[in-house]
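Peer 1: Pasting a structure below so you can have a look.
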Amino acid sequence: MGRWQPDAPGRLRRAAMELYRERGYDRTTVAEIAARAGLTERTFFRHFADKREVLFAGSIVLQERMVRALAATDDAAVPIDKVAAALAAAAGMLTDREFSRQRQAVIASHRELQERELIKLASLSAALADTLRRGGVIEPTASLTAEAGVAVFKIAFERWIDDRNTRGFADLIEESLAALRAVAAGG
C-alpha cells in the first residue's frame, strides 16, 4: 500500500489492530504500526498522540455527537428521553462491530487501557449531566440520568459485540433502555 493512498487514520487503526492481536499491545511500537500501514511515524503522530489513541480517538467525536443530540431535544422531554436521544446518536455512529469487538478485546487484556476506557466513560457521563443541567434538569436527577444512560450504553455495547449476537446496536440500546425503565418502575 503506497503512502499516497487516502485514509491514513483508517489504515493506521487497521494496522494497529492487526499488530495488537498478533503481538499484543505492549509489544507493538508506533514504528511498527506506521510501517504496517505503509506510512511514516511522523504521519502516525499527525493523527494520533500515542498508540493508545488509536483505540480511543473516536471517543471525543462520540461524546460530541451524543451531547449535540441531547441538547437538541425538546425542553419538555423527560430527562431519560433526552438521554435516549443521545444513545440513539451513539448507535448511529458505532457501526463496525468487528472492529469494536477487536478493540474491546485489546482493552480487556490491558489494565492501563481499561483505566483509560473508564475515564472516557466518566467524561461522557459528566458531559451528558452538564448538558442536562444546562437544559434545566436539577441535581441529582441530571447526574443519575447521565450515569444510567452510560450504563445502558455499556450493557448494550457488551451485548452488541458478543459473538453470539446478531442484532443491531440501536435495537440493543432500546431494549436495555426499556429494561432500565422497567427496573425504575419497580418491575
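Peer 1: What distance in nm separates the two pseudo spin-label positions at R97 and D163, each 7 Å out from Cα along the beta-carbon direction?
Peer 2: According to this spin-label approximation, the distance is 1.4 nm.
Peer 1: If you add up the charges near R111, with Lys and Arg at +1 and Asp and Glu at -1, over every other residue whose beta carbon is less than 12 angstrom from its beta carbon, what do you get?
Peer 2: Taking every Cβ under 12 Å from that of R111, the sum is -3.
Peer 1: Another question about this same structure. What range in the chain is the longest one free of trypsin sites (Lys or Arg not before Pro) that are in a loop by DSSP and have at most 11 other Cβ atoms within 10 angstrom? Could the numbers behind the result be given before it?
Peer 2: On the way: sites that count: R3, R27, R164.
Here the longest segment lacking exposed loop sites spans 28-163.
Peer 1: What are the ³J(HN,Hα) values, in whole Hz, obtained from phi via the Karplus relation 6.51 cos²θ - 1.76 cosθ + 1.60 with θ = phi - 60°, for each residue of segment 53-67 in sequence order, with x given for Gly and Pro?
Peer 2: 5, 4, 8, 10, 4, x, 4, 5, 5, 4, 4, 4, 5, 5, 5
Peer 1: Next question. How large is ³J(HN,Hα), in whole Hz, for each residue of segment 26-36 in order, when computed from phi with the Karplus curve 6.51 cos²θ - 1.76 cosθ + 1.60 and θ = phi - 60°, using x for Gly and Pro?
Peer 2: 5, 8, 9, 9, 4, 4, 5, 4, 4, 4, 4
Peer 1: Across segment 89-101, in residue order, what do the Karplus-derived ³J(HN,Hα) couplings come to in whole Hz, using 6.51 cos²θ - 1.76 cosθ + 1.60 with θ = phi - 60° and x for Gly and Pro?
Peer 2: Each residue's phi maps through the Karplus curve to give 5, 5, 4, x, 8, 8, 10, 8, 4, 5, 4, 4, 4 Hz.
Peer 1: Just want the ordering: M17, M66, from fewest to most Cβ atoms lying within 10 Å of their own Cβ.
Peer 2: Ascending number of Cβ neighbours within 10 Å: M17, M66.
Peer 1: At 0.36 nm per residue, minus the direct Cα-Cα distance, what do R42 and A71 gain on full extension? Give it in nm, one decimal, please. Each step should come with its number before you reach the end.
Peer 2: On the way: separation 29, 0.36 × 29 = 10.44 nm, distance 3.75 nm.
Gain on extension, R42 to A71, equals 6.7 nm.
Peer 1: For a quick check: sort T28, T73 by the number of other beta carbons within 10 angstrom, fewest at the front.
Peer 2: Final ranking by Cβ density, sparse to dense: T73, T28.
Peer 1: Apply the Kirkwood formula to the chain: the hydrodynamic radius equals the inverse of the mean of 1/r over all pairs of different alpha-carbon atoms; give it in Å with one decimal.
Peer 2: On the way: mean 1/r = 0.0561 Å⁻¹.
The Cα-based Kirkwood calculation yields 17.8 Å.
Peer 1: Another question, then. With N denoting the number of residues in segment 8-49, provide Rg(C-alpha) divided by 2.2 N^0.38 Å, to two decimal places.
Peer 2: 0.99
Peer 1: How many percent of the alpha carbon pairs in segment 58-115 exceed a separation of 17 Å?
Peer 2: 51
No lab work stands behind these numbers, since they all come straight from the coordinates. Owing to the predicted nature of the structure, the values given are computational and were not obtained by experimental measurement. Please note: Cβ atoms are built from the backbone with ideal geometry, for glycine as well, and neighbour counts cover all protein chains shown.
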